[in-house]
Every structure is written in structure tokens, then in C-alpha cells.
1. Would you be able to tell me the number of residues in segment 210-231 that are buried (at least 20 other Cβ atoms within 10 Å of the Cβ), out of contact with any strand residue (DSSP E or B) (no Cβ under 9 Å at 6 or more places or on another chain) and in a loop (DSSP other than H, G, I, E, B)?
2. For segment 31-45, which positions are part of a helix (DSSP H, G or I) and surrounded by 18 or more Cβ atoms within 10 Å (Cβ to Cβ)?
3. Would you mind telling me which numbered condition in (1) at pLDDT 90 or above; (2) within 22 Å of residue 314 (Cα to Cα); (3) under 20 Å from the mean Cα position of the chain (by Cα) residue 39 fails?
4. Is it the case that some residue within segment 177-192 is in contact (Cβ under 8 Å) with a residue 24 or more places away in the chain, closer than 21 Å to residue 34 by Cβ and touching a helix residue (DSSP H, G or I) at 6+ places or on another chain (Cβ under 8 Å)?
5. Can you list the helices (runs of 4 or more DSSP H) found entirely within segment 89-204 that contain at least 3 residues being touching a strand residue (DSSP E or B) at 6+ places or on another chain (Cβ under 7 Å) and closer than 20 Å to residue 257 by Cα?
6. Take the residues of segment 261-287 that are in contact (Cβ under 8 Å) with a residue 40 or more places away in the chain and not in a loop (DSSP other than H, G, I, E, B): which is nearest to residue 302 (Cα to Cα)?
7. Would you say residue 80 is on the phi > 0 side of the Ramachandran plot and in contact with a helix residue (DSSP H, G or I) (Cβ under 7 Å, 6 or more places away or on another chain)?
8. Quick one: count up the residues across segment 59-71 that are touching a helix residue (DSSP H, G or I) at 6+ places or on another chain (Cβ under 6 Å) and under 18 Å from residue 302 (Cβ atoms).
């Protein structure tokens, strides 16, 4: 009989390799359960590529301070890292609390009963404010009812999960998933199932999808609503940065496109609604990354804040500053810089009139 003699270092290496393989398989399987929201610049379809870059880096704690839809934070959680997701939009923080911070809570039978009950103190704020703007009266009444009942839930993670379900239901019901259009939307109706279902029907489908997406990585993860320049940067091994950037066309304002979802996430508490606008806008949130004259300085400040961490910057060839400028700025604080590139096409629009933006995606890694 042949015997395989392995010393302790070989065993350790083999075990590490097997563990890494199991971890890689779990992460790639788990991200398939992530409930994507049609979010501008979402990295959902790039997650396997991002995973391939991140798994080559040594880190145990991670921060995503521009979390957006939460896709990359979800990936890092699935990789077993202690993850903090943050964003200055309450919408994004809610999604993060539902799927990043939440390790165990689901929308179970008692929670569903709570959501289905008739409110003791009914309100019609959403119906009164958005009648004739978004959705039909039945949808709006359902949103008022669910919003009230969600706020009565005791567990904060169940509250966030239920609100995340409601947010995605609205995004799927709305043509193109954005709230810049209102009124007669028949021209956007191309027969897709999402546009035929009511928000209530979407809601109960999404309960199952979000319940399946909840998982524990055995870590204490967090989600916060805070501006990137106010984030605590201490004791984080790696920070993944995906800021908005100055585009060549249009703008990069998330509030403009998702103001309804942002308002819904907090029931418009503390937000000023501009009733003079057709779609009932809320104030735009300032970010220096939106302005060409301020973007370079903003990146210098950003890199300075996170100089003690490994920095992974996600950026695109259609943004400003360009790749050369960004690597020069990062080189001021990081000695080892690698650039990973991949061709990518963003899709934005309905099935009949999809806008496609072909870009080269970058992951700029500074160590």
C-alpha cells in the first residue's frame, strides 16, 4: 500500500486550499440569491469578476461606503468578511440593514400577520400625495397600509426586510424602475409581467425572494446611513469605493431617479416635498463627486481618509477623473497599485427601448 506522507505545513496548505474552494463556491452561489434592484450603475452582473479580484487580497473586515443597492457588500459578506455597508441615502441603508446587517430574521408567519392587519390609525398620505403621479389608487392604498404596519414592527431587522421588500416591489411595478416619469405610462407597457402585477402581488412574491437571500456569515455586520466623509475609517482592512462620478452625458443624481423609493423608506419623514414638481421631488443630496471642478479634490480627500486600509476603487472609462489621474492620486498614499479591466455594457430602459452604454470597467487596487 502506498502511503502519502505529509508534513504539517503541507497539510495546512491543503486545508487552506480546500477551505478557500468551499468559500469561493459558497460566495458565488449566494450572490445568485441577491435580489437586484434596477439601480443606476449597479455592479450585480460584475460580482463574479469583482469576487475574483477580492479573493486575491488579504482582508477580514470590509467597508462599502457607497453601498447603493448593496450588491458588493452582499458579496463581501458572502465571502465571510465582517462587512459594513453605508450610504448617505436612507434607501440604501435600509437595503443594507435588511441583507447585510441582518443575519437571521425572516418575514415569518407572525410578521406576515402583522403586515396584513388593518391599521388602527389609518393614513392616506401616499395616496393623497401621489394620486395621478405614480401607480393606481389600489397600489397607493396598499403602500399606505404596509408603510404603517411596517413601522409598528418591533424587530428592526424585520422592519428593514419588510421595507426592502416593499421598495423592490415598487421598483418592479414602475416602468424602467425610475421615478422621473409619471402620468399615462401606457407607452412603456410592453406586456412584461412586472408591469401587470399589482404592488401587493409583487410584495408577496418578494417576501419569499428576500427570505431566501437572508443568511449569516457568522460575523457582526453593520449598515449605516452616513456620508462617506463622516464614516469611521478605523480598523478596516479593506474599503471598496464605488462613488458616483461625473458622466459625459446627463447626470448622476440618484435622488432624481429614486426619490419615491427614498421617501418611501422613511415615509417622507424629515423630507421636504416639492409639490410644484410633477413627480413630487425631494431635495437633491450634494456630493462633490458630481461636479467636475470638485471631483479631483474629493478623491484626494477620500483616499486620505482610508489611507490605512487596502483601497479597491470601482470606476469606469466614461467617468472623470480618468484612469491616469486616479492612479496618480492614489499613488500619493499607496506604493503598490494594480489595475484590473473588463469590458461591460450597462443596460438602462424598458425592453422596447433599452439604452446601452459600453464602457471599460476598472478595479483600481492600492495597497
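1. Count: 0.
2. Scanning segment 31-45 gives 31, 44.
3. Result: residue 39 fails condition (1) only.
4. yes
5. Answer list for segment 89-204: 90-96.
6. 262
7. Taking the combined requirement at face value, the residue satisfies it.
8. The qualifying residues number 5.
The values are calculated or read from the model by the stated rules, or taken from the named source; none is laboratory data. Worth saying up front: this structure is predicted, and the values here are computed from it rather than measured. In this analysis, Cβ positions are derived from the backbone assuming ideal geometry, glycine residues included, and neighbour counts consider all displayed protein chains.
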